[in-house]
Amino acid sequence: MSAPATSLPERRTFAIISHPDAGKTTLTEKLLLFGGAIHTAGEVRARGQARRARSDWMKIEQARGISVTSSVMTFQRGATVFNLLDTPGHEDFSEDTYRTLTAVDSAVMVIDAARGIEAQTRKLFEVCRLRDVPILTFINKVDREGRDPFSLLDEISDMLALDVAPLNWPAGMGGEFKGLYDLYNYNFLKPDGTATGAAGATVATSGLDDPMIDDLCGPIAARLREQAELALGGYATLDPQLYRQGALTPVLFGSALKDFGVEALIDALAAYAPAPRPQPALVAGHAGTVDPGDAQVSGFVFKVQANMNPQHRDRIAFLRLASGRFRRGMKLRQVATGKVIAINSPILFFAQDREIADEAWPGDIIGIPNHGVLRVGDSLVEKDDVTFTGIPNFAPEILRRVALKDPTKSKQLRTALTDMAEEGVTQLFKPSIGSQWIVGVVGQLQLEVLISRLDAEYRVAADFEASPYETARWLHGEAGDLKRFADEHRGAMAEDRDGAPVFMARDNWELNYVSQRETALRFSATRERA
Ligand code: G4P
């Protein structure tokens, strides 16, 4: 491809993965605070609530106290710009969560020191591993009684099959907590001495033997020395290369609430986390990658979100820039349709305040307001023929038949379902036999969002009836084999909204049975948009 752009500002585009309650919201606030993006902690939550109050369809979010939609937050520290992509951390997975992880270069895994690795952390970790997304671990809440640090590190190492490299070590936890010792530069971060127990000054020491450690840690100085020595000897040392390959996780202990370890985390991201990586793509029809240094502007849509205002049908497409220097007013081509779109009012996300972007660089996310033209998985390019790969649709785990309560609303229903399928809220399947659409979702919550929005935005009352099918797979193979299979299984065949053939199975047993016998076809749990 063409000549590289002149200067690439340092970018770190990352997400935080965690189990609910581990402290993701608190850590996000503190990252923004230390990154200078907001001025008082608590604003992320407060602003979130103000936004929610404005939007009808987010009632579910309020009722369940969770954030259904992801957002993008940008902050800067020193010469580095950080783009933090929020992933909803609730029990039910949405496809949004998965896809957001396709748009980051690294992830921070937050673990509660009292609980260790929990179910959701593990699932999200697996998604990161699929894409070799490097992970930095933050063991949170050391200001409270927690598990033994060694058992936490061993658990990470065993359960996730990763080498762990602790960067700092807690001097005690809970009531005994005296501060954090940096294993690499020997600094000691101590509490500020007030009743809140927040982080105070950093004291430089000459190492574990420094008598200052006794002053700082009192009766637990000997334990800190012993544990820190053991940790240095027993675990991997930090190897940035292995971390970036996804084979090792650097670990920081800290307390998001009390500001311990937060600056160290930002510094570690700046120092070790990968800059924007080359993105897999079909370049002029051949499998390859797009390098961030390529001159042409290109990017892919990983998320589409309805406008907060239900009166307006417009949406925001979230574009991750993969290469080139984007400038406001540029015209980009939607590769799937050939349509040229002038991006006149792109949005940059600066700590949740929308700012109009004048320019953006690889790794940045820009919001593009549009009326439903842009879809998840879309590639946008300046000129060359590039289609990004790896932004999948996921096989639904819940399938429901849509039954309309008022038959005169069938057109509105169709529009609504198509709109929401395009946003990636649900998937839509048209069975080969029968006229009822089938919607597919990955988690129950997506279904609730769908029902609520049908009512609030489209004034369509619909019911979701059990469908005989529990799961679905996209079929790939030769045309002849596909036709033969479809004829044999007519009752279980459907098309997705792009016309791709889908096999619906009553349960996993049937799916396994059929797919094992049918060797000529591939049954895939994900489908990338062509
Ligand atoms: P989440 O987004 O991962 O779900 O977690 P969130 O930040 O909301 O934190 C969950 C709870 O854990 C909150 O308490 C929060 O204050 C607390 N927490 C987060 N980090 C720390 C920490 O480093 N130390 C301690 N001791 N607690 C921490 P809550 O009582 O559920 O909510 P709130 O009333 O404080 O908002």
Among 511, 493, 476 - extreme Cα towards positive end, dipole of the range 393-528, charges at beta-carbon: 493
Cα lying deepest toward the dipole's positive end in the range 152-196, options 193, 172, 160, charges on Cβ: 193
Kirkwood Rh in Å, taken over all unlike Cα pairs in the range 142-231: 13.6
Mean separation of Cα contacts under 8 Å, 6 or more apart, over the residue count of the range 355-508: relative contact order %: 25
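Suppose every K and R has +1 on its Cβ and every D and E has -1 on its Cβ; what is the size of the dipole of the range 195-242 about the Cα centre, in Debye to the nearest 20?
Numbers: 2 positive and 7 negative charges, 33 e Å.
Charge dipole of the range 195-242: 160 debye, to the nearest 20.
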Of 424, 396, 438, farthest towards positive along the dipole that unit charges on Lys, Arg, Asp, Glu beta carbons give the range 384-439: 438
Amide proton proximity set for residue 112, modelled H, under 5 Å, gap of 5+: 140
Principal-axis tilt of helix 24-34 within the chain, Cα atoms, nearest 10 degrees: 60
Three principal axis lengths of the range 279-390 [C-alpha, angstrom, descending]: 43, 24, 23
0 to 90° range, to nearest 10: angle between helix 479-488 axis and the chain longest Cα axis: 80
Along each principal axis, Cα extent of the chain, largest first, Å: 79, 51, 46
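Residues with beta-carbon under 9 Å from that of residue 102, excluding residue 102: net charge, scoring Lys, Arg +1 and Asp, Glu -1?
On the way: positive: 99, 131, 320; negative: none.
Around residue 102, the surrounding residues sum to +3.
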Cross-link reach list, lysines versus residue 190, counting only Cα pairs under 20 Å and skipping chain neighbours closer than eight places: 30, 141, 178, 258
Amide H contacts under 5 Å for residue 398, placed H, 5+ residues apart: 441
Ratio of Rg to Rh over the range 172-307 (Cα coordinates, Kirkwood Rh, two decimals): 1.15
Prolate/oblate/rounded call for the range 440-510, Cα gyration tensor, a/c under 1.5 rounded: prolate
Note, ³J(HN,Hα) from phi for the range 157-166, Karplus 6.51, -1.76, 1.60, rounded to Hz, x at Gly and Pro: 5, 6, 6, 9, 6, 10, 6, 10, 10, x
Rounded to whole Hz, the Karplus (6.51, -1.76, 1.60) HN-Hα couplings of the range 461-470, x for glycine and proline: 9, 9, 10, 10, 9, 4, 9, x, 10, 10
Distance from the range 123-148 to the range 470-520 (C-alpha centre basis), Å: 37
Binned Cα-Cα distances of the range 100-192, short to long, each 10 Å bin given as a whole percent: 15, 45, 29, 11, 0
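At 222 nm, what helix-only mean residue ellipticity would the chain give, in deg cm²/dmol to the nearest 500, using -39500 (n - 2.57) for each DSSP H run of four or more?
On the way: 14 runs with 144 residues, N = 530.
Using -39500 (n - 2.57) per qualifying helix, the result is -8000 deg cm²/dmol.
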Overall form of the range 371-530 per C-alpha gyration tensor (a/c, 1.5; a/b vs b/c): oblate
All aspartates and glutamates inside 17 Å of residue 123 as judged from Cα atoms, apart from same-chain residues fewer than 8 positions distant: 21, 86, 91, 92, 95, 96, 112, 132, 155, 158, 397
Given charges at beta-carbon only (K, R positive; D, E negative), |dipole| of the chain in Debye: 1960
For the range 279-390, size of Cβ-based charge dipole, Lys and Arg +1, Asp and Glu -1, in debye: 380
Spacing of the two label points (7 Å from each Cα toward its C-beta) at residue 497 and residue 479, in nm: 2.7
Portion, in percent, of the accessible area of the chain that falls on carbon or sulfur, probe 1.4 Å: 49
Partners for residue 411 among lysines (Cα-Cα distance below 28 Å; same-chain residues under 8 apart left out): 59, 303, 339, 430
Simple spin-label estimate for residue 123 and residue 215 in nanometres, 7 Å along Cα-Cβ: 5.1
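Report the relative contact order of the chain, percent, no decimals, based on alpha-carbon pairs under 8 angstrom and at least 6 residues apart.
On the way: 1161 pairs, mean separation 74.4, N = 530.
Contact order relative to length: 14 percent.
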Residue order for 184, 272 - accessible surface, 1.4 angstrom probe, largest first: 184, 272
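The values are calculated or read from the model by the stated rules, or taken from the named source; none is laboratory data. Only a predicted model underlies this, so the values are computations on that prediction, with no experimental measurement involved. All Cβ positions, even for glycine, are placed from backbone atoms using ideal geometry, and neighbour counts span all protein chains on display. Just the protein is used for accessible areas: all its heavy atoms, side chains included, with ligands, DNA and RNA removed. Shrake-Rupley method; radii C 1.70, N 1.55, O 1.52, S 1.80 Å.
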